[in-house]
Amino acid sequence: MHNSRERVRKNMLPTECSPYKLERNDLENLKDVSIYVGGACNFNCRYCDRDFIKKTGVQKMEFDQDLAAFLLAIYQTGAEPMISFHGGETLLYIDTIKKIVKSMVDEGGFNARFYIQTNGSLILKNAEFFRQYKDYLYVSISYDFHFQLENRTEFGIHETLQFLDDLNIDKQLQYVIPTNRKEAFDVEVFSSIVNLYKKYRINSLNLILLRHQRGLEEFKTIIAGDDVDLKRLFSSFLQFVQLLYVSGINVALDGHSQEIDKDYYSNHKQVVLAPDGYIYPEYQFIEYKYPEFRLGQWRAPFKLERNHFRPEGLAKIRPQCIQCPKRNVCGLQYYYAMFDMDPPRPDKCSSFYSYMEFSLNHLFKLKRHRSLLESIGI
């Protein structure tokens, strides 16, 4: 791996008057630069918003001088955030990903780390890319275990995990839990998870509780329905998490292992580069593209505004969200359709995130010890 600190090509070095210049204080606390490569997917998951994305006509990310220069300018400051690829199915955009990785590693000389969120089905078809850049990659595979055939599409998960094992590539699996299904935490689900984790070297398991389904014409908020008992849901969820911990599986909730932070305008750890040239706090640009929520632009001249929320943006957020005590742990305030129901139920949203915080705090206490035996002093 490259370790040189003189890692940026001379012809790409920012100058005092360059439109490609960034300052280190622009990047305070930045841990992840997420690139939305495009909305196309080769799966048709039952809870996904694929048809909605098609309708909105989301662009795909094109690799060009501005994108290359923006990423290089970040690393030139000495900051080294993870560069993450999201979609759609990211590996449908493998040409763009290859160009970005090549620009940073081969041409820029950076010891960059790349996170690929994928459904896993195209990894073996792109085996040469994974072989070439195995030292720089972290792979997250969305896989629903017992519900995979029902919710997603089956593929050769065993062959794929073995391939990544052979290359010694770090990886995690990501399970979207169907919160509206009573059997979401059944023993069959638990067994299907443990069996995979026993057989392959998988670093972690990211659990995501399904909150909503955005269809072509309807936004259905699952957690706001009267048929969902949040107290019962989280009681079962915590038992499930504890069983996974006892089984030696490293669990994260919504990508978090210590605390939930959705305070996007206080130098948040993540920024999202959208194909339209702007920087957003989340993937809400797919639906809204509100300029009031932008954090800047990655097209020259570069601009980052990570510690400032435009006052006019408040007009785009419901009063219930502005006043909610959970607004800094809930990204749903930017999803305006969250409360497009009659009557609105912001109380359910607030309760959901209260339970989420409690669950994460409990998980954090568990993970202070590497195992159950260690926690009891054995």
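For the reader, a short list of remarks on this structure follows.
- Listed values for segment 62-71 are Karplus-derived 3J(HN,Hα) couplings in whole Hz (6.51 cos²θ - 1.76 cosθ + 1.60, θ = phi - 60°), namely 10, 6, 8, 4, 5, 5, 4, 5, 5, 5, and x replaces Gly and Pro.
- Panel order for 123, 202, 116, by other beta carbons found within 10 Å of each beta carbon, from fewest to most: 202, 123, 116.
- R0 of 22 Å, Cβ-Cβ distance residue 94-residue 46: FRET efficiency to nearest 0.05: 0.30
- Taking other C-beta atoms within 10 angstrom as a stand-in for reagent exposure, 271, 176 fall in the order 176, 271, fewest first.
- Remark: the residue 150-residue 134 segment gains 2.6 nm on full extension, using 0.36 nm per residue and subtracting the alpha carbon distance.
- Counting neighbouring beta carbons within 10 Å and listing from fewest to most, the residues 369, 256 come out as 369, 256.
- Label-point separation, residue 191 to residue 210 (7 Å along Cα→Cβ), nm: 2.2
- The distance between label points at residue 323 and residue 361 comes to 2.4 nm (points 7 Å beyond Cα on the Cα→Cβ vector).
- Net charge of the neighbourhood of residue 99, taken over other residues with C-beta under 14 Å away and scored Lys/Arg +1, Asp/Glu -1, is -3.
- The calculated FRET efficiency for the pair residue 201 and residue 314, based on their C-beta separation and a Förster distance of 51 Å, comes to about 0.60.
Rule-based calculations on the coordinates, nothing more; no lab input. Since the model is a prediction, treat every value here as computed from it, not as a measurement. With ideal geometry, Cβ positions are generated from the backbone for all residues, glycine too; neighbour counts draw on all protein chains shown.
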